[in-house]
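A short write-up of the structure that comes next.
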Amino acid sequence: MLNLTDLRGRTVNIASALPRADQDITATLETVTPILEQVRTGGEQALLDLSERFDGVRPDSLRVPRDVMQQALEQLDPTVRQALETLIGRAREVHAAQLPASTTVSPGPDAQITNRWVPVDRVGLYVPGGQAVYPSSVVMNVIPAQVAGVASLAIASPPQKDFGGWPHPTVLAAAELLGVEEVYAVGGAQAVGMFAYGARAENDDVVAPPVSLITGPGNIYVATAKRAVQGTVGIDSEAGPTEIMVLADGSAPADLIAADLISQAEHDELAAAVLVTDSEELAREVQTQVQAQAETTKHLDRVKQSLSGAQSAVLLVGTMDEAVEVANAYGAEHLEIMTAGQEELAGRISNAGAVFLGPYTPVSLGDYCAGSNHVLPTGGSARYSSGLNVTSFLRSQQVIHYGRQGLGEVARQVEALALAEDLPAHGEAISVRFR
């Protein structure tokens, strides 16, 4: 597990030497396209048929009854409920600080521009239900949308044979805690189709209205479906397998680094776990610790596949300057820094979904109770995109108000630019107001 790659002194084509998961979502497009078409034309019955086909259960209805959700919350383990309430409280506080304020500017006399933020009207939030249960993903999707002021929220999560065809009760309990009443027992690519196109019953009644924006992580079929419907609706991102990169020098604790790498590896066989260090001794210690700790972890097979895969490695660099270069070239979803002078090093990181500083800030803290959001860019997309946040659910809108004097101040300039672009009617629209 965790092969070592020596990058010392390598100054060109760093990106080509970095470990990556081999996942091409275009390969699944042929599978996903007919599913989306079936949902678009078949509505409720198609969605129920697809649940029976892929999840092995046919829910009594697409929408989860309210009493089922209330019962899920009543029966929730008190310790789990307390943990969710802690997560919700901290996440609300952190995300409230992200809410941008409207501003008004007067670029000249009798002229005013207002920059305001308008929430998306309706959002579909996807919560996976494959190899694990994700009530935390309910919180991470719902909180920023609520803070943004989204008026209509719907959650979709796969139906479970073990729970009467409804999503996992812990997911339902989390939705109930957050006050989300609209939850659908639909998973996979078909859930994305339902959000994009809506769903009607055989009598043409609307069972699930379409949304304007789809957010939330999922497997490769969910990611492919999100790409396919983009344009019909907006999407947050095409989430790939999770990643952790740790930047560490010789002072870092090898046992903690190993534990953090394993914690992400247990998500998925394609999960990426990467250590970047300038200490050959630490590199060897981490390899030894990973081998020992992995033997006692619950999901041993999954962890071994992840850590032995091409997407995971120990990268040996000559200096921490080289480590920063590697980190920025990689653009990790989660980047931990355990070094001397870690704050200064963090200030030089431009490409990362979230940065975790020091030995007491593991990624799993961010997954749950830090207050930050764990829906983050993967596959290097941190080079150009952000994690899920309040502005993900907002649109910037400008309101322009010029009076006669304000327009007169720039009338000739507008006319000149209109003529320069050979759009004379644009200029006429100005001059007609002063005849």
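Some notes on this structure:
- Scan of region 33-84 for residues that are surrounded by fewer than 19 Cβ atoms within 10 Å (Cβ to Cβ), of a type in the set (D, E) and in contact (Cβ under 8 Å) with a residue 60 or more places away in the chain, ordered by number: D60
- Looking across region 32-72, the residues that are part of a helix (DSSP H, G or I) and under 24 Å from A174 (Cβ atoms) come down to L47, S51, F54, D55, R66, D67, V68, M69, Q70, Q71, A72.
A quick yes/no check of all residues on (1) assigned by TED's automatic domain parsing to the domain that holds A173; (2) touching a helix residue (DSSP H, G or I) at 6+ places or on another chain (Cβ under 9 Å); (3) under 30 Å from G193 (Cα atoms):
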residue	(1), (2), (3)
I14	no, yes, no
V32	yes, yes, yes
E37	yes, yes, yes
A46	yes, yes, yes
V64	yes, yes, yes
D67	yes, no, yes
G89	yes, no, no
Q112	yes, yes, no
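- Test: residue in region 264-276 that is farther than 22 Å from L18 by Cβ, part of a strand (DSSP E or B), at pLDDT 95 or above and touching a Leu at 6+ places or on another chain (Cβ under 6 Å): no
- Considering residues of region 85-141 that are assigned to a loop (DSSP other than H, G, I, E, B) and β-branched (V, I, T) only, the residue surrounded by the fewest Cβ atoms within 10 Å (Cβ to Cβ): V133
Yes/no per residue for (1) more than 30 Å from R90 (Cα to Cα); (2) under 24 Å from the mean Cα position of the chain (by Cα); (3) modelled with pLDDT of 95 or more:
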| position | (1), (2), (3) |
| --- | --- |
| S312 | yes, yes, yes |
| L316 | yes, no, yes |
| N328 | no, yes, yes |
| A332 | no, yes, yes |
| L335 | no, yes, yes |
| E344 | no, no, yes |
| A352 | no, yes, yes |
| P359 | no, no, yes |
| S364 | no, yes, yes |
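- Residues located in region 223-265, provided they are closer than 30 Å to G341 by Cα and of a type in the set (D, E, K, R): E243, D249, D255, D260
- Residue that is surrounded by 14 or more Cβ atoms within 10 Å (Cβ to Cβ), more than 27 Å from A96 (Cα to Cα) and free of Cβ contacts under 8 Å to residues at least 24 places away in the same chain, where the choices are G427, G380, G408, G341: G427
Yes or no, residue by residue, for (1) of a type in the set (G, A, S); (2) touching a Leu at 6+ places or on another chain (Cβ under 6 Å); (3) buried (at least 19 other Cβ atoms within 10 Å of the Cβ); (4) not in a helix (DSSP H, G or I):
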residue	(1), (2), (3), (4)
Y360	no, no, no, yes
H374	no, no, yes, yes
S386	yes, no, no, yes
L419	no, no, no, no
S431	yes, no, no, no
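- When S157, S212 are checked against the criterion of being without any contact (Cβ under 8 Å) to a residue 60 or more places away in the chain and polar (S, T, N, Q), S157 stands alone in meeting it.
The values are calculated or read from the model by the stated rules, or taken from the named source; none is laboratory data. Model, not experiment: these values are computed from the prediction. Don't worry about glycine lacking a Cβ; one is built from the backbone with ideal geometry, like all the others, and counts go over all protein chains shown.
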